[in-house]
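There's a structure below that I have some questions on.
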Amino acid sequence: MIFNCLERYNKTTALIASDGAEITYENLIKVADNCGKKIPSREVVLLICENSIDSIASYIGFIRNGVVPLLVDSKLSQESINIICETYDISYICSPTSSISKYIENYTIFNSFSNYSLAKIKIKFKKNLKILDNDLALLIPTSGSTGSSKLVRISYKNLHENTKSISSSLCIGSADRAITTMPMSYSYGLSIINTHLFNGASILVTNSSVIEKEFWSFFHKSKPTTFGGVPFIYSMLKRLKFSEMKLDSLQYITQAGGKLDLSLVDYFTDVCIKNSTKFYVMYGQTEATARMSIVLHNEVDNKKGSIGKPILDGRFVLKNKSGEELKGESKGELFYYGNNVSMGYARTSSDFTLGDFNKGVLKTGDIARRDSDGYYYILGRMNRFVKIYGIRVGLDELESFINEKGFVCVCSGEDDNLKIYTTDSSYVPKIHDLISKNKLVHSKGYIIILIDSVPRSESGKVMYSEL
């Protein structure tokens, strides 16, 4: 199991919080097990996540003691929490003590530790639950923004195998110090926590974002060696003039969670070469526990825009519409094979009893191409296409093309009604000219809409459904 060998790092500092609190692995294990043993094994607990020592300790304790945490971000609304509790018959909640009443109305606290508490939820009606599948370790929503999304069922094997493979790909060691930049309820943010604890490294925990002064104050004080981020975080870092920052402790950075604009790839490649910092581009999905592939730091410039090659013990396959495997340089739907592929989804509490539905195979839903060197490039999503007067238009490809010309936008819509959203009024005529010049879309098949801001999830991904 992923956290069964933490004792080997007992005297090493495990977590350092932005408020100055620290905890060794030895004490972290004590706090974690004390929490994990308070809930009956093979029960599901709703864990309200923060980037804090208490939140991470709770998560470790649940995994170590056979309790299944369902991770949600602390910014989730009471309405969304109630939907989750009702849909999945949740009996237990682990939450910051000061805000537990914000999430749940009827509850009884039966254990408190530091700033967190465990509570039993008083449920008026509970379905007849069967025993949870023995392999089920963790539940993560497919969307961090609402309570109505389905859950990804992740096994103990998924966690261990993905953590081990990523650790090997990035050569993570006990001397590393990772600073949190994403919510731990997001699979990429959680993956960074898993991989660094697995290797006895230190994690610097903060709820501040990269756009806040508090984050950088903590950064300079704690001297991290690494951090990760989604494309939105990297676009913010460029606005903050990352190239001019003195970050001497930083040894490597990772990017995943979506395709990074080529202009940003160029920017961060140049900055990292200048500062002797390694820059890794990765690709993943919650359904694969976390990350599936990597572009090594010395290949990012040569393989610009690529998601790289699969991590250790993983394999990519491209298939055509008939399901036939494509060889050599080709384009098709991307499939991933590996022990980190999740068990499947849960839409109701009864699904917690199900076994491994995916059997190590993930249909990613992405269209990709493979070059002659075996590197993969994401071209778009299977369902991110519309037809404009009979001509098929890939929304992701169009969006990327316009963004790479320097005009920030997002694309949505339906057949014969393509919608291009931008937050900058000066871009409107320029996007029109770009589309016309390159004959990208019929002039009567699209409109450009000016909006105040692009709706994004806590992890920075565009929420197209809210446009």
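Within segment 238-264, work out how many residues are in contact with a Gly (Cβ under 9 Å, 6 or more places away or on another chain) and over 20 Å from residue 298 (Cα atoms).
So the answer is 2.
Against the conditions (1) touching a strand residue (DSSP E or B) at 6+ places or on another chain (Cβ under 8 Å); (2) open to solvent by 10 Å² or more (accessible area, probe 1.4 Å); (3) closer than 30 Å to residue 278 by Cα; (4) modelled with pLDDT of 95 or more, where does residue 144 fall short? Just the number, please.
If we test residue 144 against (1) touching a strand residue (DSSP E or B) at 6+ places or on another chain (Cβ under 8 Å); (2) open to solvent by 10 Å² or more (accessible area, probe 1.4 Å); (3) closer than 30 Å to residue 278 by Cα; (4) modelled with pLDDT of 95 or more, just (4) comes out false.
Taking segment 194-210 only, how many residues are surrounded by 22 or more Cβ atoms within 10 Å (Cβ to Cβ), touching a residue at least 40 places away in the same chain (Cβ under 8 Å) and in a helix (DSSP H, G or I)?
Number satisfying all stated conditions: 2.
Here's the yes/no breakdown for (1) within 22 Å of residue 291 (Cβ to Cβ); (2) open to solvent by 30 Å² or more (accessible area, probe 1.4 Å); (3) polar (S, T, N, Q):
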position	(1), (2), (3)
212	no, yes, no
217	no, yes, yes
220	no, yes, no
225	yes, no, yes
230	yes, no, no
235	yes, yes, yes
241	no, yes, no
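Shifting gears a bit: Listed residues 314, 305; which is open to solvent by less than 80 Å² (accessible area, probe 1.4 Å), modelled with pLDDT under 95 and either farther than 13 Å from residue 257 by Cα or acidic (Asp, Glu) (or both)? Quick ask: steps written out before the conclusion?
Working: 314 fails: modelled with pLDDT under 95.
Result: 305 is the single residue among 314, 305 that is open to solvent by less than 80 Å² (accessible area, probe 1.4 Å), modelled with pLDDT under 95 and either farther than 13 Å from residue 257 by Cα or acidic (Asp, Glu) (or both).
Still on this model: Cβ-Cβ under 9 Å, sequence separation 6+ or interchain: first residue in segment 155-166 and over 17 Å from residue 310 (Cα atoms), partner open to solvent by less than 30 Å² (accessible area, probe 1.4 Å) and assigned to a strand (DSSP E or B). Which pairs?
155/136; 155/137; 155/138; 156/136; 156/137; 156/138; 157/137
Quick one: count up the residues across segment 437-458 that are closer than 21 Å to residue 77 by Cα and touching a residue at least 40 places away in the same chain (Cβ under 8 Å).
Number of matching residues: 4.
Another question, if that's okay. Here is a list: 441, 393. Which entry is in contact with a helix residue (DSSP H, G or I) (Cβ under 7 Å, 6 or more places away or on another chain), farther than 23 Å from residue 267 by Cα, crowded, with 18+ Cβ neighbours inside 10 Å and not hydroxyl-bearing (Ser, Thr, Tyr)?
Working: 393 fails: in contact with a helix residue (DSSP H, G or I) (Cβ under 7 Å, 6 or more places away or on another chain).
Among 441, 393, only 441 is in contact with a helix residue (DSSP H, G or I) (Cβ under 7 Å, 6 or more places away or on another chain), farther than 23 Å from residue 267 by Cα, crowded, with 18+ Cβ neighbours inside 10 Å and not hydroxyl-bearing (Ser, Thr, Tyr).
Residues of segment 245-276 being open to solvent by less than 20 Å² (accessible area, probe 1.4 Å) and more than 16 Å from the chain's Cα centre (by Cα), which ones?
250, 252, 264, 265, 268, 269, 271, 272
Has segment 147-155 got at least one residue that is within 26 Å of residue 352 (Cα to Cα), open to solvent by less than 50 Å² (accessible area, probe 1.4 Å) and modelled with pLDDT under 95? Full working, then the answer.
Keep residues of segment 147-155 that are within 26 Å of residue 352 (Cα to Cα), which gives 147-155.
Imposing the further condition that a residue be open to solvent by less than 50 Å² (accessible area, probe 1.4 Å) reduces the set to 147, 149, 151-155.
Filter once more, so that each one left must be modelled with pLDDT under 95: 147, 149.
Yes, segment 147-155 contains a residue that is within 26 Å of residue 352 (Cα to Cα), open to solvent by less than 50 Å² (accessible area, probe 1.4 Å) and modelled with pLDDT under 95.
Looking only at residues in segment 164-193 that are under 18 Å from the mean Cα position of the chain (by Cα) and part of a loop (DSSP other than H, G, I, E, B), which one is surrounded by the fewest Cβ atoms within 10 Å (Cβ to Cβ)?
The extreme case among them is 183.
So, one more: Go through (1) under 24 Å from the mean Cα position of the chain (by Cα); (2) surrounded by fewer than 16 Cβ atoms within 10 Å (Cβ to Cβ) and name the single condition residue 423 misses.
(1)
Still on this structure: Yes or no: residue 424 farther than 25 Å from residue 378 by Cβ and touching a residue at least 12 places away in the same chain (Cβ under 8 Å)? Give the derivation first.
Values: farther than 25 Å from residue 378 by Cβ: yes; touching a residue at least 12 places away in the same chain (Cβ under 8 Å): yes.
Spelling it out, residue 424 is indeed farther than 25 Å from residue 378 by Cβ and touching a residue at least 12 places away in the same chain (Cβ under 8 Å).
Let me ask something else. Could you tell me whether segment 92-101 includes any residue that is within 29 Å of residue 8 (Cβ to Cβ) and touching a residue at least 24 places away in the same chain (Cβ under 8 Å)? Talk me through it step by step, then tell me what you get.
Quick first cut of segment 92-101, residues within 29 Å of residue 8 (Cβ to Cβ) only: 94.
Pick out the ones that are also touching a residue at least 24 places away in the same chain (Cβ under 8 Å) and you get 94.
Within segment 92-101, one or more residues are within 29 Å of residue 8 (Cβ to Cβ) and touching a residue at least 24 places away in the same chain (Cβ under 8 Å).
Against the definition (assigned to a loop (DSSP other than H, G, I, E, B) and either modelled with pLDDT of 95 or more or buried (at least 19 other Cβ atoms within 10 Å of the Cβ) (or both)), how does residue 341 come out, yes or no? Outline the logic, then answer.
On the way: assigned to a loop (DSSP other than H, G, I, E, B): yes; either modelled with pLDDT of 95 or more or buried (at least 19 other Cβ atoms within 10 Å of the Cβ) (or both): yes.
Here the answer is yes, as residue 341 does meet what is asked.
The values are calculated or read from the model by the stated rules, or taken from the named source; none is laboratory data. Keep in mind the model is a prediction, meaning the values are calculated, not measured. Cβ: placed from backbone, ideal geometry, glycine included. Neighbour counts: every protein chain shown. Surface accessibility is based on the protein's heavy atoms, side chains included, excluding ligands, DNA and RNA. Shrake-Rupley method; radii C 1.70, N 1.55, O 1.52, S 1.80 Å.
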